[in-house]
Amino acid sequence: AKARGKNTFHFFSQDLKDAAKDRLELENQLREAIRDHQFLLHYQPKIDLQTNSVVGYEALLRWRLPDQTLVPPGRFIPVAESTGMIVSIGEWVLWEGCRFLARQLSRGLDVDLSINLSARQFRDNTLTETIARILQRTGVEPRRIIFEITESMLMGDTDAAIHQLNQLKSLGVSLSIDDFGTGYSSLSYLKRFPVDELKIDRSFVQDIPGDRNDMDIVSAIIAMAQQMNLRVVAEGVETAEQLTFLKQHNCTLVQGYYFSIPLAEQELSLLDFTIN
Ligand code: C2E
Ligand code: CA
Ligand code: CA
Ligand code: CA
């Protein structure tokens with residue numbers, strides 16, 4: 001048992017070294033990615049369930065390595081966040097997203113764009129100015145933009161969070177709570193924040209219609225959102241059964257692989273504007 005313990009320890013510390021090395025490597029690669037413009041955005045359509053039409057998109061960050069591999073955000077955003085690199089990456093996302101939206105609007109499409117904000121960006125007190133400048137320079141009307149933040153960003157210093165939300169709202173943009181239901185939200189808590197939309201986390205959608213509990217949670221969130229006059233978006237919709245359930249409960253908008261994976265801008269134009 002002793003020998004085994006030793007071995008285990010040995011493997012464990014080697015693992016730690018490997019993890020630290022991987023992380024350093026990733027940090028260096030990320031610095032190069034910023035310098036060499038290796039980021040791109042994909043866009044996932046948002047569908048209005050009343051009209052079955054695409055009413056907007058969510059911008060989702062991708063990192064393309066020099067060998068063309070696409071790195072998903074789950075792999076690099078935590079590192080970008082902890083090193084602070086997410087602030088400059090996030091600013092690029094704002095520019096790129098707004099330029100994309102301006103092109104869509106100039107084609108005559110009536111669409112909006114959801115943009116994810118990271119915790120670091122959200123805490124930055126120059127964020128509102130930065131956004132105002134980007135909107136102005138790209139000519140995008142603020143009402144066309146929805147910023148997605150997570151519940152955890154609203155915890156802790158709630159006064160600071162409310163202040164930041166009000167600053168953003170004063171620009172005329174909309175605010176959405178992403179991954180809703182996974183944090184500690186309650187009705188009283190929600191009422192304190194000037195938000196316009198709730199985004200039901202995929203984990204509650206994926207087991208519909210198998211999981212009675214999840215169905216109850218989803219219908220309760222939709223009912224609560226209606227009561228509070230909030231738009232409600234269900235994410236991660238993959239099946240016709242899920243869609244039927246969400247329609248029956250009057251969910252406002254849906255997103256998911258059932259309609260479309262996130263796509264590059266050139267691929268979007270191939271997508272039929274109305275989805276049946
Ligand atoms: P999120 O904001 O919750 O984005 C939804 C994620 O679910 C996306 O993963 C999307 O591709 C995926 N998804 C959409 N529909 C389906 C579906 O039907 N089934 C399944 N299984 N998945 C679906 P992605 O693109 O890998 O992004 C992961 C997370 O990375 C995002 O979660 C968001 O938290 C973060 N992220 C992405 N882009 C940005 C960004 O520009 N800035 C910041 N700060 N975070 C971002
Ligand atoms: Ca999101
Ligand atoms: Ca989400
Ligand atoms: Ca479940």
Q. In deg cm²/dmol, rounded to 500, what helix-only [θ] at 222 nm does the chain give when every DSSP H run of at least 4 residues adds -39500 (n - 2.57) and the total is split over its residues?
A. -15500 deg cm²/dmol
Q. What percent does the relative contact order of the range 1-128 come to when contacts are Cα pairs within less than 8 Å and at least six residues apart?
A. 22
Q) What translational D, rounded to a whole number of µm²/s, comes out for the range 124-209 from Stokes-Einstein when the hydrodynamic radius is the Kirkwood one over Cα pairs, at 10 °C and 1.306 mPa s? A) 114
Q. How many angstrom lie between the C-alpha centres of the range 108-156 and the range 197-276?
A. 22
Q | Inter-probe distance in nm under a simple model that places probes 7 Å from Cα toward Cβ, at GLN248 and ASP67 | A | 4.8
Q. Can you tell me the Rg and the Dmax, both Å, for the Cα atoms in the range 86-127?
A. 12.1, 35
Q | Taking all pairs of distinct alpha-carbon atoms in the chain, Kirkwood radius in angstrom | A | 20.3
**Q.** the chain: relative contact order in percent, alpha carbon pairs under 8 Å with at least 6 residues between
**A.** 18
Q: Averaging sequence separations of C-alpha pairs under 8 Å and six or more residues apart, then dividing by the length of the range 81-183, give the relative contact order as a whole percent.
A: 28
Q: Within the range 208-257, report the trypsin sites (Lys or Arg not before Pro) that DSSP leaves as loop and that have at most 15 other Cβ atoms within 10 Å.
A: none
**Q.** Cα-based helix-to-principal-axis angle, 85-106 vs the chain, degrees rounded to 10
**A.** 30
Q.
Starting from 0.36 nm per residue, how many nanometres of slack lie between ASP157 and THR130 once their C-alpha separation is accounted for?
A. 7.5 nm
Q: Quantify how much of the Cα-Cα distance distribution of the range 212-275 extends past 16 Å, in percent.
A: 51
Q | 0 to 90° range, to nearest 10: angle between helix 2-35 axis and the chain longest Cα axis | A | 50
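Throughout, read-outs are computed from the coordinates displayed, never taken from laboratory work. The shown structure was predicted, so the numbers you read here are calculated from the model rather than taken from an experiment. Every residue, glycine as well, gets a Cβ built from its backbone with ideal geometry; the counts of neighbours run over all protein chains shown.
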